[in-house]
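What follows is calculated from the coordinates using simple rules that are stated; it is not laboratory data. Bear in mind the structure is a predicted one, so any value in this text is a computation, not a measurement. Cβ placement follows ideal geometry from the backbone for every residue including glycine, while neighbour counts extend to all protein chains displayed.
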Amino acid sequence: NITRIIGPSAVLNDNIANSSGKKIIDSVNWTQCLVGNISSDASFAIYFEVDDTPADFLFVQVCVHFVTPNGENVERVFTQQLSTTGDLHTFARFTDNRIAGILAAKYFTLLSRKAPLQNVRSYMDSQVSTLSKTFGLFWPNYEGKSIYIIPPELSDFVYCLYLLRIGPLLSPILQHPDTMDAIRCLFLHSPPGVAFRMIFPLVTIFTIKNGQRTQEMVPCETLALQSNHIIVVDHQTDIFVWSGRETETAEFEQLRENSIEFAKRIAAQRYPRAKVKAFKENSSMARWLECRMVPSHKDRIELQAHFFPFVQTLTHEERGNLYKKLPRTDELSFHQWLSSLQSCIGVYKVA
């Protein structure tokens, strides 16, 4: 049974009947929609429930009917075969976690347009807690508390929901409600690639190592904010160019120009056009970037070193100086958030 459709469409009726008023196929559930947008980037999220079935496969079929500018009636039929399983771990292993994360994010974002934001965030937390108890391995006593270890196959899905929680869609970092609603509407109608960037900011580091200019992709975490880095953060509707204090020398000038040109080139290819904002470390504008980054500097050293191994080479004093300059926030890191839900991911211990 189809439970919800998110996108530029309106549901007309269920169980399509033919001209005689009889259902076409009694054993098949049908839903008819009127599509108001036929642009190439139009996207629909379709949610449906499946009853227990002994079959090895299910079939989902989409039938499209439209009229060309010349008045010709055209129909297209697309059929997708879905495998079924009775094993939860097999289900998790063969699920596309990023697509599932985007679908879940669209569901919670739609709720946020109808319910108080804090209620939606609390509801999402409870759903993640239920997921960890359903799929996770119970660990009865770790440092005096019981936790559930979420399998690594679901790590991208859970991380997607965490980024949704701290990002502009479900976090009050955009101060005006009209701005927040405009971003949410764009996200709800966006195709997977655009939706992905609105949840997962893409971070590119430009720096100089051993006299060579380098470019590297890293997670959107506060540990990337090193003073010898120029960082470009692509968050779909906004692109930020952050320059550390140590990049104000002449040797970094060309690198900075390259990074800004890189950001402008990306922004020019989008509609609506992304806003490019360039600023320096410790400037007031830097808060627009810092509030979107995962505060990974609040995690234990072994967790930080998973993506940023350089932290293990720092002395205690150097590490303290690094943490002092990073943004102070009440927002929980990813591992702290999981710990608050009595959960952790795969091989990681609770934060």
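Okay, here's what the table says:
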read-out	value
Hydrodynamic radius (Kirkwood) for the chain, which is based on Cα pairs only, to one decimal in Å	23.1
Rg over Rh, two decimals, region 87-196 (C-alpha only, Kirkwood Rh)	1.02
Gain on full stretching of the segment that runs from Glu302 to Thr130 - 0.36 nm per residue minus C-alpha separation	59.2 nm
Cα-centre dipole for the chain with unit charges at Cβ (Lys and Arg positive, Asp and Glu negative), debye to 20	700
Full-extension gain in nm, Asp330 to Asp56, via 0.36 nm per residue minus C-alpha separation	93.9 nm
Above-threshold pairs, the threshold being 27 Å between Cα atoms, out of Lys277/Lys325; Lys114/Lys325; Lys106/Lys275; Lys114/Lys145; Lys106/Lys324	Lys114/Lys325; Lys114/Lys145; Lys106/Lys324
Cα long-axis angle, helix 155-166 against the chain (0 to 90 degrees, to the nearest 10)	70
Between 0 and 90°, nearest 10: helix 177-188 axis offset from the chain longest Cα axis	60
Dipole of the chain, positive end: most advanced residue of Pro54, Ser40, Gly136 [Cβ charges, Cα centre]	Ser40
In degrees, nearest ten, helix 117-135 long axis to first principal axis of the chain (Cα)	80
For peptides 312-318, 293-299, sequence by mean Cβ density within 10 Å, most packed first	293-299, 312-318
Cα-based Kirkwood hydrodynamic radius, region 25-95, one decimal, Å	15.4
Region 40-138: trypsin sites (Lys or Arg not before Pro) falling in loop per DSSP and having at most 14 other Cβ within 10 Å	Arg113, Lys114
Under 9 Å, Cβ to Cβ, from Ile166 - net charge with Lys/Arg +1 and Asp/Glu -1	+1
The chain, helix-only ellipticity at 222 nm - DSSP H runs n ≥ 4, -39,500 (n - 2.57), divided by all residues, nearest 500	-9500 deg cm²/dmol
